[in-house]
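What follows is calculated from the coordinates using simple rules that are stated; it is not laboratory data. What you see is a predicted model; the values in this text were computed from it and never measured. Neighbour counts run over all protein chains shown; Cβ positions are idealised from the backbone, glycine included.
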Amino acid sequence: MYDSMVAACHHYVLSAAAATANTLVLDFDIPGPIVNDRDLFWAPIHYWLMTADCIIHDIIAALSDSIHVLPDYRVISHRFMRQVASEERK
């Protein structure tokens, strides 16, 4: 059931992102340094400020360099103005 909920969430987010220029969608709910360390969370889905700081730095890194993905997240979609402009010309 969890997998179908995640798939439905990804589908919804991707459909919204597809219509929006300059959009980067990152998924942090993957096995990795953040999710695997339960001490970074004070409840199942609520995390400490130091965890938020790490996520903010990951987002900045992803926006700065979409080629080198960090182990904390995976890129679900990235749609930048160059892509939108070339798609509109078609």
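For ILE76, nonlocal amide neighbours, meaning residues 5 or more places apart or on other chains whose placed amide H falls under 5 Å from its own, are VAL25, LEU26, ASP27.
Under 5 Å from the amide H of TYR47 lie the amide H atoms of TRP42, each residue being 5 or more positions distant or on a separate chain, with H modelled from the backbone and absent for Pro and chain starts. When you restrict to C-alpha pairs under 8 Å that are six or more residues apart and normalise by the size of the chain, the relative contact order lands at 42 percent.
Using all pairs of distinct alpha-carbon atoms, the Kirkwood hydrodynamic radius of the chain works out to 14.7 angstrom. Farthest towards the positive end of the charge dipole of the chain, among the residues TRP48, HIS11, ALA21, is the Cα of ALA21, using unit charges on the Cβ of Lys, Arg, Asp and Glu.
Hey, got the dipole for the chain? About the Cα centre, +1 on K and R Cβ, -1 on D and E Cβ, debye to the nearest 20? List each step's numbers first, then the result.
Details: 6 positive and 11 negative charges, 92 e Å.
That gives a dipole near 440 debye.
Scalar couplings 3J(HN,Hα) for region 64-71, obtained by applying the Karplus form with A = 6.51, B = -1.76, C = 1.60 to θ = phi - 60°, are 7, 8, 7, 7, 9, 7, 7, x Hz; x denotes Gly and Pro.
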